[in-house]
Each structure stands twice: as C-alpha cells, then as structure tokens.
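Visitor: Take a look at the following structure, please.
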Protein chains: 2
Amino acid sequence: MNYCSNCGAASLVQKIPEGDNHLRIVCENCHTIHYQNPKIVTGCLPEWEDKILLCKRAIEPRYGLWTLPAGFMENQESLEQAAVRETWEEAQARVAPLSLYVILSLPRISQVYVMFRAPLQDLNFAPGVESLEVKLFTQDEIPWEQLAFPVIRRTLTHYYQDRPRGQFPVHVEELLPPSSSPLQTS
Amino acid sequence: MNYCSNCGAASLVQKIPEGDNHLRIVCENCHTIHYQNPKIVTGCLPEWEDKILLCKRAIEPRYGLWTLPAGFMENQESLEQAAVRETWEEAQARVAPLSLYVILSLPRISQVYVMFRAPLQDLNFAPGVESLEVKLFTQDEIPWEQLAFPVIRRTLTHYYQDRPRGQFPVHVEELLPPSSSPLQTS
C-alpha cells in the first residue's frame, strides 16, 4: 500500500490512532484509517466410502502438490456457500451436507482455515481450472509427502485419528510454525 | 475506494479479471486487483454460575444497548487470542478456557461471527473504554429488547435452549435478515 485509497495522497504512515491500541496504516492527509484484518480460507474434506477427494494444484504456490478443495471466502456469501463453491470450482464436485470439522488460526499469515466434512453426492468430479487432477484416496494412498500445505496435513491427521472412533468433534487450534508443536486450545 | 493504493491513479473499475469469476476492483493503470473479503468478529459468552456477562455499549453503532464482548479479529492473532483480548478490552474480564460455540455468517454485511463460551476467572470485571457498564445477568434478567445486534440475540437464544440439556454443540448458521428465518445448516 503506497497511496491512500481514499484521497490518493502518498501520505500513509504507520501509527496508533487515538483511542486505538494497534498500529494502523493512516493517511496523514485525509486521516482515513486503513484497517487490515485476517482472511478466511474455507473448504471441504469430501468423503466417498473409505476415500477422500484431493486436488493436485495447477497454480502457484505449491504447483503439482495435493490439497483439499478450499479457497478464500468471498464477500456476500456464507461459510457453507463458500466451501461448496470452492469444492465445485476446484473439483467440479457436489457435496452435502456440510459438518464443521477443523478451524485453524494461522496468525503468522493472518488467515483462518475453516474446513467442513462433506459426503460427495456422486462420482462425477473432474479437475477445475485450478487443478491438474482430482482423485479419491484411501488412507494408505494419501500422498503425505506431497501435500501442499501444513493445514491440509493437520486436517487429514485429525480425520484419520477420529475416524476409528466414528466421532468427529470440532477441532479449534492455532497452527504454529513447524519448529513448535500445535497448541490445542479446545 | 477512489484511488489505487498501489500506483495512486484514479483508474479503478469494477470488472471480472481473466481467469476469475467474481467482480473485483481493478486498477486499469497498474492492473492491481484489489480483493475484498469478509471480516471475522469474535468474542465470548462469559459465564459465572447461572449468569452471563453483558456490556452496555459506549460507542456507535447501538450506543447504550447491551452486547456480548466481541470485536474484529486483528492480523497476527489467533481466534482465541482475539476473543480473549476483546473480552479484556470491553469488560476488563479474564476468561478461560474457551469452547467454540456459535459461528454465524452474515453475508449481507460480509462478516462471520465466531463466539466462544468461556467461564469468568473472577469477578474483577469493569467497563473498558468502549463500555458504559458491565453486568452479570440471570436468564430472567437478560434485556432482550435492548440487545445491540441480532447475532447477540441468536447466540443467547441458543445458550438458553442448550443449557437445560447441559450440552452445547457448535452451531453453524447463516443469519438472514429479520424477514426470513435462520437457516440451520449443521
């Protein structure tokens, strides 16, 4: 951010506005405060019998690695609408009903992942424009060394720990960098 | 948004970028796409015996009405850190541990509310700068007609429905305008 989006001046500074306690980007010309907030990434863990649907990424970052269908939530949609839309866009797959499953805060990159378990409605899936390949995997087939993101590994790890018990409680956690261990807070 | 925050030009248009399927604010001078995404509001339902802590708002909107302590999640914090921080800022109250309770999508205003149940650690609470008053309420005392926001009413309604059963499942819903009824999706 180089210019104020309100007045166009190159007068942006970082400071704590009066009555606030966080550093903000503030325009010294028109006094607009430019708040920045975390983004939500949401998606699904599509289930079919004992298999899970993964997508091989056709885009950077992590081109060629495997992920669950997920992406940035858009304005004017609900979490569930966003998760269903992303599953359709990336895997051309229909899922229902959605069950909230994993919420992971990633404070280092200011993102919150919200993942739902969701049965596939049929086998008519296919790669969307952001995927090279879409495929069902049994637990033994999951490409653990070729997963695109730590949040995907974490979500799948919960899933295979919970599945033998047949119970899938909602996991709310902070995902810390690899050097530290994840902090389970509820 | 009147000017491009990247190049300062007054060249912003609404269009669907190539390879995208959503209307975006795009700069025709430097081609920056200015994405806009929903914001997370998070907070707590602070419990003490059979009472719940509410805050009387000292700020607009809804000055003078009652709310649960909650506010916008900041960059570089986790959901739980944000909920604890807001509870401290608005009610000077310490809460632990947090249990995820209600997630409400508000697509009309592009917000997602994430509310936790959380026992108060002590009775040393007091109004923060954004509150006129902070007070414990029994169910009979809840000022239903003076609640600040529909999401607060909805969260408290769930709470008093769940409490007799002693079970507090996570509620994931879309909060629709008052003319329609809320859609419970999981």
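Visitor: Taking a ≥ b ≥ c as the square roots of the Cα gyration tensor eigenvalues, with a/c under 1.5 meaning rounded and otherwise prolate when a/b beats b/c, else oblate, which class fits chain A?
Guide: Verdict is prolate for chain A.
Visitor: I've got another one for you. Return P(r) of the protein assembly as shown (all Cα-Cα pairs; 10 Å bins starting at 0; whole %; ordered from short to long distances).
Guide: So the P(r) values, bin by bin, are 5, 21, 30, 26, 15, 4, 0.
Visitor: How far is helix B:79-91 tilted off the main Cα axis of chain B, in degrees rounded to 10, range 0 to 90?
Guide: Approximately 60 degrees, to the nearest 10.
Visitor: Further question on the same structure: Could you pull the copy-to-copy label distances for A:Thr138, with points set 7 Å along Cα to Cβ, in nm to one decimal and sorted shortest first?
Guide: 6.0
Visitor: Which whole number gives the average count of other chain Cβ atoms within 10 Å of the Cβ atoms across peptide B:96-106? Present the calculation step by step, with values, prior to reporting the outcome.
Guide: Values: counts 1, 2, 3, 4, 7, 1, 0, 6, 2, 8, 2.
Whole-number average of other-chain Cβ neighbours for B:96-106 is 3.
Visitor: In whole Å, how far is the Cα centre of segment B:52-75 from that of segment A:37-114?
Guide: 31 Å
Visitor: Using a 7 Å offset from Cα along the direction of the beta-carbon, what are the separations from A:Tyr35 to the same position in each other copy, nm, ascending?
Guide: Here the equivalent label points are 2.0 nm apart from this one.
Visitor: Do any cysteines in chain B lack another Cys Cβ under 4.7 Å, and if so which?
Guide: B:Cys44, B:Cys55 - these cysteines have no disulfide-compatible partner (Cβ-Cβ under 4.7 Å) in chain B.
Visitor: Size of the dipole of the protein assembly as shown about the Cα centre, Lys and Arg at +1 and Asp and Glu at -1 on the beta carbon, nothing else charged, in debye to 20? Intermediate results must be reported in sequence, preceding the final value.
Guide: Values: 32 positive and 44 negative charges, 9 e Å.
About 40 debye.
Visitor: With a 1.4 Å probe and all protein chains kept in place, how do B:Asp140, B:Asp20, A:Asp162 rank by accessible area, largest first? Kindly include the intermediate steps, with their values, before the conclusion.
Guide: Details: B:Asp140 150, B:Asp20 45, A:Asp162 5 Å².
The ranking, largest first, comes out as B:Asp140, B:Asp20, A:Asp162.
Visitor: What angle, in degrees between 0 and 90 and rounded to the nearest 10, separates the Cα long axis of helix B:150-162 from the longest principal axis of the Cα atoms of chain B?
Guide: So the inclination is approximately 40 degrees.
Visitor: Let me ask another. Taking the dipole about the Cα centre of chain A, with the C-beta of Lys and Arg at +1 and of Asp and Glu at -1, give me whichever of A:Ser105, A:Gln76, A:Leu120 is farthest to the positive side.
Guide: Among A:Ser105, A:Gln76, A:Leu120, the one farthest towards the positive end of the dipole of chain A is A:Ser105.
Visitor: While we're looking at this one, here's another question. If you take the accessible area of B alone plus A alone and subtract the pair, what total do you get in square angstrom, rounded to 100, with a 1.4 Å probe? Display every interim value, and only then the final one.
Guide: Numbers: alone 10670 and 10700 Å², together 17740 Å².
Using a 1.4 Å probe on protein heavy atoms, the buried area is about 3600 Å².
Visitor: I've got another one for you. If you take the beta carbon distance between A:Asn21 and B:Asp140 as r and set R0 to 51 Å, what does 1/(1 + (r/R0)^6) give as a FRET efficiency, to the nearest 0.05?
Guide: Details: r = 36 Å, r/R0 = 0.71.
Working from the Cβ atoms, E equals 0.90.
Visitor: While we're here: Distances from A:Ile59 to the same residue in each other copy, label points 7 Å out along Cα→Cβ, in nm, shortest first?
Guide: List, nearest first: 3.4 nm.
Visitor: If you take each beta carbon of peptide A:72-85 and count the beta carbons of other chains within 10 angstrom, what is the mean? If you can, show how the numbers build up before the last one.
Guide: Details: counts 4, 7, 9, 12, 8, 6, 14, 11, 7, 4, 5, 0, 0, 1.
Taking the mean over all residues of the peptide, I get 6.
Visitor: Additional query: Starting from 0 in steps of 5 Å, tell me what percent of the Cα-Cα pairs of segment B:119-180 lands in each bin.
Guide: 3, 12, 19, 23, 22, 14, 6, 1, 0
Visitor: Let me ask something else about it. Below 12 angstrom from the Cβ of A:Glu174, what's the summed charge of the other residues (Lys, Arg +1; Asp, Glu -1)?
Guide: Working: positive: A:Arg108, A:Arg154; negative: A:Glu173, B:Glu77, B:Glu80.
Result for the local shell: -1.
Visitor: Taking just the alpha carbons, could you work out the radius of gyration and Dmax for segment A:79-182, both in angstroms?
Guide: 14.3, 41
Visitor: Within segment A:39-175, what percent of beta bridges assigned by DSSP are antiparallel, to the nearest 5?
Guide: Details: 21 of 35 bridges.
Here the share of antiparallel DSSP bridges comes out near 60 percent.
Visitor: Just from its helices, what would the mean residue ellipticity at 222 nm be for the protein assembly as shown, if runs of 4 or more DSSP H residues each count -39500 (n - 2.57) and the sum is divided by every residue, rounded to the nearest 500 deg cm²/dmol? Present the calculation step by step, with values, prior to reporting the outcome.
Guide: Values: 4 runs with 52 residues, N = 372.
Here the helix-only value at 222 nm equals -4500 deg cm²/dmol.
Visitor: Using the Cα centre of segment B:92-186 as the reference point, and only Cβ charges (+1 on K/R, -1 on D/E), how large is the resulting charge dipole? Debye, rounded to the nearest 20.
Guide: Details: 8 positive and 9 negative charges, 44 e Å.
Dipole about the Cα centre, nearest 20: 220 debye.
Visitor: Give me the dipole magnitude in Debye, nearest 20, for segment A:1-136 about the Cα centre, with unit charges on the beta carbon: positive for Lys and Arg, negative for Asp and Glu. Walk me through the numbers on the way to the answer.
Guide: Details: 12 positive and 16 negative charges, 66 e Å.
So the dipole magnitude of segment A:1-136 works out to roughly 320 debye.
Visitor: Ok, one more. Please tell me which of these pairs span more than 26 angstrom C-alpha to C-alpha: A:Lys39/B:Lys56; A:Lys56/B:Lys15; A:Lys15/A:Lys39; A:Lys15/B:Lys39? Spell out each step's value before the answer.
Guide: On the way: A:Lys39/B:Lys56 29 Å; A:Lys56/B:Lys15 29 Å; A:Lys15/A:Lys39 22 Å; A:Lys15/B:Lys39 22 Å.
Violating the 26 Å limit, Cα to Cα: A:Lys39/B:Lys56; A:Lys56/B:Lys15.
Visitor: Also, I was wondering about something else. Residues of segment A:67-103 with backbone nitrogen within less than 19 Å of a virtual label 7 Å along the Cα-to-Cβ line of A:Glu133, please, listed as ranges.
Guide: Under cut-off, by backbone N: A:67-70, A:90-93.
The values are calculated or read from the model by the stated rules, or taken from the named source; none is laboratory data. This one's a predicted model, so the numbers in the text were calculated from it and none came from an experiment. Heads up, the Cβs are rebuilt from the backbone with ideal geometry, glycines too, and the neighbour counts pull from every protein chain shown. Accessible surface is based on the protein model in full, side chains and every heavy atom, while ligands, DNA and RNA are left aside. Shrake-Rupley method; radii C 1.70, N 1.55, O 1.52, S 1.80 Å.
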